[in-house]
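These notes are about the structure you will find just below.
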Amino acid sequence: MNTGAVTKRYATALLRLTQESGRGEQVCAQVRAMLRDAGSLPSPLEPDLSRFVGLLVQKGRQGYLRRIFRTFVDLYCESAGLRHVILTTAVPSPELEERVRKGLEQRLGCRIMMESEVDPELIGGYRVEVDGKMLDATVRRQLQVLRRDFIEKTNRIV
């Protein structure tokens, strides 16, 4: 069976369930928390989410859980008029997060659901992902560009 179809079908079902109960924001927050740290379960789990996970286990679809949850977050954001943004930095930076949030809200003209991640391998700078598009302003990326340019200009392998 097509994994995209399965993922979309179950994510849409979870979205409808949360819309009917009016608990979409709470379920989305718990789903995002579980996506960030797969080993932790929020306590107590929202009843809608608990029922949904039980259904997935009953139907043998637990292998699709991460994909379903990611699709659900995207569908929820779309239905709530939000844009899902992922900000990745080398070190935690609440000031940068707030500046990026305000700038994107003004530029895109809508509310933003910001997710922050820390990746020390970036060395410095930040990376912003919005709707599958990425702005990479990291030191790591700049070093890659410098290396590529040096190789092209000198015809040498570094």
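Tell me which lysines have Cα within less than 20 Å of Lys8's Cα, excluding those fewer than 8 residues away on the same chain? Lys8 reaches Lys59.
Going from the residue with the fewest nearby Cβ atoms within 10 Å to the one with the most, Ile86, Ile112, Ile68 rank Ile86, Ile112, Ile68. Across the stretch 54-67, coupling constants 3J(HN,Hα) worked out from phi with the 6.51/-1.76/1.60 Karplus curve, θ = phi - 60°, read x, 4, 4, 5, 4, 8, x, 10, 4, x, 8, 3, 4, 5 Hz, and Gly and Pro carry x. For the chain, what relative contact order do you get, as a whole percent, if you take Cα pairs closer than 8 Å and at least 6 residues apart? Relative contact order, the chain: 19 percent. Under the shape rule built on the C-alpha gyration tensor, where the axes satisfy a ≥ b ≥ c, the chain is prolate, since a/c reaches at least 1.5 and a/b is greater than b/c. Projecting the Cα positions of Tyr76, Gly22, Thr12 onto the charge dipole of the chain (unit charges on Cβ atoms of Lys, Arg, Asp and Glu, taken about the Cα centre) puts Thr12 furthest along the positive direction.
Mean separation of Cα pairs under 8 Å and 6 or more residues apart, divided by the residue count, gives the stretch 1-61 a relative contact order of 30 percent. Distance between Cα centroids, the stretch 72-87 to the stretch 1-66: provide it in whole Å. A separation of 15 Å, based on Cα centres.
Multiplying the residue separation of Asp74 and Leu41 by 0.36 nm and subtracting their alpha-carbon distance yields 9.8 nm. For the stretch 11-44, the residues whose amide N sits under 13 Å from a probe point set 7 Å from the Cα of Lys59 along the beta carbon direction are 11-17.
Using the beta-carbon distance between Gln19 and Asn155 and R0 = 41 Å, what value does 1/(1 + (r/R0)^6) give for FRET efficiency, to the nearest 0.05? It comes out at approximately 0.10. For Thr18, neighbours were defined as the other residues whose beta-carbon sits under 9 Å from its Cβ, and their charges (Lys and Arg +1, Asp and Glu -1) total -2.
When only C-alpha pairs under 8 Å and at least 6 residues apart count, what is the relative contact order of the stretch 82-154, in percent? The value is 36 percent. Along the positive direction of the dipole of the stretch 82-154 (beta-carbon charges: Lys, Arg +1; Asp, Glu -1; about the Cα centre), which of Leu122, Thr89, Leu143 reaches farthest? Positive-most Cα among the choices belongs to Leu143. Amide H contacts of Gly125: Ala90, Val139, each under 5 Å away and 5 or more positions distant or on a separate chain (H built 1.01 Å from N in the peptide plane; Pro and chain starts excluded). A simple charge model with +1 on the Cβ of Lys and Arg, -1 on the Cβ of Asp and Glu and nothing else charged puts the dipole of the chain at about 520 debye relative to its Cα centre.
Once amide H atoms are placed 1.01 Å from N in the peptide plane, what residues at a sequence separation of 5 or more from Arg23, or on another chain, have their amide H within under 5 Å of its amide H? Correct list: empty.
Read-outs throughout are calculated quantities, based only on the coordinates presented, and are distinct from any laboratory measurement. Here the structure is a predicted model, which means the values were calculated and not measured. Backbone-built Cβ (ideal geometry, glycine too); neighbour counts: all protein chains shown.
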